[in-house]
Structure formats: C-alpha cells, structure tokens
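Participant: Sharing a structure below in structure tokens format, with a few things to ask.
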Amino acid sequence: MEANFYHRKDCRMCEDSNLEKVLELTPTPPGNEFNAAPNISNQKFPLDLYLCKKCNHLQLGHVVDPKILYQNNYSYVSATSKEFVSHLETFAKKIIHDFKIPSESLVIDIGSNDGTCLRFFEQHKMRVLGIDPAFEVSQIANKNGIETINDFFTSKLAKKIKSSYGQAKLITSHNACAHIDNLSDVLLGVSELLRSDGILSIEVGYFVDVFSNTWFDTIYHEHLDYHTVEPFKYFFDKFSMEVVDVQRISPQGGSIRVIAQKKDGVYKPTTNFDKLVKIERDLKLNLPETYRNFSKEINYVGQSLFNLLTKLKSENKSIVGFGAPTKATTLMSHFRIGKDFIDYIVDDNPLKQNLYSPYEGIKVLNSDEIYKRKPDYLLILAWNFSDAIINNHKKFRENGGKFIIPMPTVNII
C-alpha cells in the first residue's frame, strides 16, 4: 500500500470496474487521529466518492491503510454515548424475540468495540465473542469480561474461530462493515461461521438519509462505503446468501439494519427490500448528476455556517465546539472551521480529552469546562446527538449560552 493508501478501481459490492467519480471533498487527515501536541501535522488523504455504474454502489475512491485508522490510538468507544448504548440494548431484545434465539447460542460481533452490544446478549445467557482490531477498546472489552479477539476479521480467522467455538446462530456488525475494504473476505468468513439456521445482522449508515439531509460529514476515511439497499442483492448472491429483511433505524443520523441468511434458509423474506429500492430509484441515486447537485447543496450549507461564524467572531463572541466525532474532521476541513473560529472542543470521551484535533490541532477538554469558561456559543459538531446535548446542558442555555446546529441547515437555539 504506497504512501499509506491506494486507489481502488473496482466496486466493493459487485467487483465491476465501471466506476465514475461523482463527489470530491477536501482531503483530510484520519478523523480519529488525535494528537498529544497541537503542532503535529497529520497526513491528509483524498476524500472522493465513486459510483458503480453496474450495481449503483457508492464508495470512497481511496483506501487508507487500516492500521493507521484503527491501530493508532483509536479513540471511539461505544459506551460513551448513552443513546447508542440504549439502541444496542433494544436491538438485542428485538432480534432475540423476532428470531427466537435460544440461550447458550453463540453470538459473534464483528467490530465489537468495547463489547457493549455483546454484554446485552450475555445477559440473556448466550455465549459471546467479539472481534475488533483496535487494541485499546479490545482491552476495555476483555477487562469487562467480554471475550474479544484483537484482530481484523478475515476468512482465515473465521476458520480458527469455528474450530475453537463452533458455528454462530447470530453474527452482528454495527457500523463496522462500511469500514472494511475486503468485504468479500468478511462474507466468506461469515459463511464459514454461520449455522444453516443462523442469521447475519449488519447495521450501516443509509445514504438516503445522508443525501436527503445533506449530512455529508459522515463521509470520512473510515467509511469506505455509503450504502443503499439495492447493491446488497448483488453482494449476497456471490455468497449464496439472501436478504431476509431491511429496517430503517435511527443511529448515525439514519441507518439500515440488513438481515440476511443462507439461501433457502428458515426465515421468509419480507417485502421491505423492494420498497427501499423504489425510494432510492425515485431519488435518482443511480445517476451521477444527482451527486453533483448534492455537492452544490453541501457548499451552500458550508457558506452559511462560515458566514455566521465570521459574523459572531466580528462581534467578539466566543465559540466552542461540542463533540469530537470522526465526522467533525470532515465538516471542519471542508467548511474551513478551525482555530480562527473555535477556541477549544469539549467531549465526554476520556480517550480524546487533553488531546488535539486532527484538523488544526484544537484542544479537546471535558465538557465541564463550558461552565468554567462560559463561552457564548457551542457549535455542536456531534449534530446527530443535538437533542441529547441540548437537554443535558440546559444550564448552559439558562446562563445565556446558545447552541449552533450546523446540519442539515444552520440553526441557532
């Protein structure tokens, strides 16, 4: 992998090479590459989207070495977000109920992070195993009693797991499959590990929501794919698997849960797949010109935010960023929101506190600092949790502070 990244020239879902570049964003450093000092210059990588003309899959054109993204002080921890923890608990209860998964079943989570999801299956007396390449969060999971293999999930690893643990009734993945370059090898591993009556549940961001709300900042190097439903048929066909159901869900600003089984499995497919394909076709997500118009909408939002922050700084107002999610690096880079506007960033994740942001090296502090330093405005960079942030910090508003929500349109509360 030259220069720590390479240009992928075929589709990750159907392997066709008829790709067209449809969106070009500002090159950025890895969105989770927080530094111990403010003057460290992170390497920037291209951030361009390509559309497959055969299956209509949308993907990044350039793939960054995953060791850089996930094995270099990776700092995202599932348990930091109460909303996401609640989502995972609800998911566990629902899938156990809907598919009548018995106790003692083996449940495997690909990209298991700190083991939050598996903990809820363990509470239902199931055997659980996580696989995650990030060393720090894998350590957290193991310390908390959730057995986790610190590695990338591959078909080779799947064979070893099968030999040691047997086959799984349920294999899950939450916001991880869009991060994996060799997705075909992952499905080979899934085929190896999944029981004949087992199910695979994948949750990924849904590009329909990104497109409809101009949530372009969910485009970053960890997200190699921007999923719609239609390409999944091509993808699962290659592995003798089929979609059982697709459900729209709320995390990450809008996601889909794709449930699949081996072909001719025990579960009857629903009609949801066809319904969502129709929505995608009605939005013309199969046409390159749709994405060029999307680029114009992104730039309009960016100019609006830039103008607002420029005006506030001219009035000597202090502005602080709230939240240091990966998406903030894309937003800040593309909209040119750096030290000229933001004094510091606050975040509840202790792994990011007292470090400096990938873009322009802005210091990240505990959210308690907003009550000590009393800024005039909080720019919510973790916009998908805006409601929770505003609700949790009513005191900030009561003291005269205001919130800026940047997406999908700039709004002051």
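Participant: So how do 165, 359 line up by other beta-carbon neighbours within 10 Å, fewest first? Write down the numbers at each step before the final one.
Facilitator: Working: 165 14, 359 24.
Taking fewest neighbouring Cβ atoms as first place, the list is 165, 359.
Participant: When we measure straight from the Cα of residue 363, which aspartates and glutamates land under 19 angstrom away, once same-chain ones fewer than 8 places off are left out?
Facilitator: 33, 340, 343, 347, 348, 376
Participant: For 403, 322, which order do you get if you count the other beta carbons within 10 Å of each Cβ and list the fewest first?
Facilitator: Sorted ascending by nearby Cβ count, the order is 403, 322.
Participant: Something else now. List the residues whose amide H sits under 5 Å from the amide H of residue 365, counting only those 5 or more places along or on another chain, with H placed 1.01 Å from N in the peptide plane.
Facilitator: 345, 346, 347, 354
Participant: Okay, next question. Can you sort 138, 191, 357 from fewest to most other Cβ atoms within 10 Å of each residue's own Cβ?
Facilitator: On the way: 138 23, 191 15, 357 29.
The order, fewest Cβ neighbours first, is 191, 138, 357.
Participant: Continuing with the same structure: Charges only on Cβ, +1 for Lys and Arg, -1 for Asp and Glu: so what's the dipole of segment 78-286 about the Cα centre, in debye to the nearest 20?
Facilitator: Magnitude of the dipole: close to 680 debye.
Participant: Can I ask one more? Can you compute 3J(HN,Hα) from phi for each residue in segment 256-264, using the Karplus curve 6.51 cos²θ - 1.76 cosθ + 1.60 with θ = phi - 60°, rounded to whole Hz and x for Gly and Pro?
Facilitator: 10, 10, 9, 10, 10, 9, 5, 4, 6
Participant: While we're here: Output the pairs from 275/296; 313/374; 352/402; 44/372 with a Cα-Cα distance over 26 Å in this structure; if there are none, say none.
Facilitator: 275/296; 44/372
Participant: Could I ask something else about it? Would you list, by chain and number, the lysines whose Cα falls below 22 Å from the Cα of residue 159, excluding same-chain residues fewer than 8 positions away?
Facilitator: By straight Cα distance, residue 159 reaches 169, 238, 262, 263.
Participant: Relative contact order of the chain: what whole-number percent is it, with Cα pairs under 8 angstrom and at least 6 residues apart?
Facilitator: For the chain, the relative contact order is 16 percent.
Participant: Please report the projected area of segment 1-139's Cα convex hull averaged over all directions, in nm².
Facilitator: Taking a quarter of the hull surface, the average projection is 11.3 nm².
Participant: Now for a different question. Among 31, 367, 256, whose Cα sits farthest toward the positive end of the charge dipole of the chain (+1 at Cβ of Lys/Arg, -1 at Cβ of Asp/Glu, about the Cα centre)?
Facilitator: Value computed over the given set: 367.
Participant: Need one word for the chain: rounded, prolate or oblate. Basis is the Cα gyration tensor (sqrt eigenvalues a ≥ b ≥ c); a/c below 1.5 gives rounded, then a/b vs b/c decides.
Facilitator: It is prolate, given that a/c is not under 1.5 and a/b is the larger ratio.
Participant: Also, quick follow-up: What number, in percent, do you get for the relative contact order of segment 306-412 if the mean sequence gap of Cα pairs under 8 Å and at least 6 apart is divided by its residue count?
Facilitator: Numbers: 164 pairs, mean separation 28.1, N = 107.
So the answer I get is 26 percent.
Participant: I would also like to ask the following. With a 10 Å cut-off between alpha carbons and a GNM built on the chain, which of 260, 92, 382 moves the most?
Facilitator: 92
Participant: Can you give the Kirkwood hydrodynamic radius for segment 78-286, in Å, rounded to one decimal and based on Cα pairs? List each step's numbers first, then the result.
Facilitator: On the way: mean 1/r = 0.0577 Å⁻¹.
The Cα-based Kirkwood calculation yields 17.3 Å.
Participant: Now for a separate question. Going by amide H atoms built from the backbone, whose H comes under 5 Å of the H on residue 214, apart from near neighbours?
Facilitator: none
Participant: A follow-up question, please. Using the alpha-carbon atoms, what tilt in degrees (0 to 90, nearest 10) does helix 82-98 show relative to the longest principal axis of the chain?
Facilitator: In the chain, helix 82-98 runs at an angle near 20 degrees to the longest axis.
Participant: Would you mind estimating how fast segment 282-342 diffuses translationally, via Stokes-Einstein at 37 °C and 0.692 mPa s with the Kirkwood radius over Cα pairs, in µm²/s?
Facilitator: Numbers: Rh = 13.4 Å.
Value of D from the Cα-based Kirkwood radius: 245 µm²/s.
Participant: To the nearest 10 degrees, how steeply does helix 183-193 sit against the main Cα axis of the chain, on a 0 to 90 scale?
Facilitator: With both axes taken from Cα atoms, the answer is about 40 degrees.
Participant: Here's something else I'd like to know. Using modelled amide H (1.01 Å from N, peptide plane; none on Pro or chain starts), what sits under 5 Å from the amide H of residue 107, excluding residues fewer than 5 places away?
Facilitator: 127, 128, 129
Participant: Regarding segment 306-412, what whole-number volume in Å³ per residue does the convex hull of its Cα atoms give?
Facilitator: Per-residue hull volume (Cα only) is 95 Å³.
Participant: Sticking with this one: Mind checking the angle between helix 155-165 and the chain's longest principal axis? C-alpha axes, 0 to 90 degrees, to the nearest 10.
Facilitator: 70 degrees
Participant: In whole angstrom, note down how far apart the Cα centers of segment 159-180 and segment 341-403 are.
Facilitator: 36 Å
Participant: Now for a separate question. Identify the residues of segment 296-324 with backbone N under 17 Å of a label point that sits 7 angstrom from the Cα of residue 339 along the Cα-to-Cβ direction, or state none.
Facilitator: Counting only backbone N, you get 319-321.
Taken together, the values in this text are just the output of simple stated rules run on the coordinates, not laboratory data. All figures in this text were calculated on a predicted structure; none of them were measured in a lab. All Cβ positions, even for glycine, are placed from backbone atoms using ideal geometry, and neighbour counts span all protein chains on display.
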